[in-house]
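Report on one structure; see the data block that follows.
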Amino acid sequence: MQVSHSPLLSRNNINIPSPPLPHRVVTVLQSGLLGVNSLLILNRRRFLAKYELDDLQHAHASGNPMKVQAVGLLHAVQYLKVRL
């Protein structure tokens, strides 16, 4: 017994349109803003000091290039803070 599939029920024939380009750009910008905000709220003394990510000199002394890049990113993002 062979089962025939209807073309309307086949998953391969479902055409789901993608969102328009401006909507995708806005989504990417919102995601970036959310990511930057998550980095901004990290408290340097309470959280980052535990993992030695509070000072660029400590990061260079560790010799780990990924750690140096992470500390550099955290310091660069701090310039985006706006005091209210």
### Message
I need a count of the residues in the range 37-58 that are surrounded by 11 or more Cβ atoms within 10 Å (Cβ to Cβ) and under 18 Å from the mean Cα position of the chain (by Cα).
### Response
4
### Query
For the range 59-82, which residues satisfy the criterion of being exposed (fewer than 10 other Cβ atoms within 10 Å of the Cβ) and either aliphatic (A, V, I, L, M) or farther than 19 Å from Gly35 by Cα (or both)?
Gly63, Met66, Val82
### Query
Can you spot a residue in the range 7-30 that is in contact with a Leu (Cβ under 7 Å, 6 or more places away or on another chain) and either surrounded by 10 or more Cβ atoms within 10 Å (Cβ to Cβ) or at pLDDT below 80 (or both)?
no
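The values are calculated or read from the model by the stated rules, or taken from the named source; none is laboratory data. Keep in mind that what you see is a predicted model, and the values were worked out from it rather than measured. Ideal geometry is used to build each Cβ from the backbone, glycine not excepted, and the neighbour counts take in all protein chains shown.
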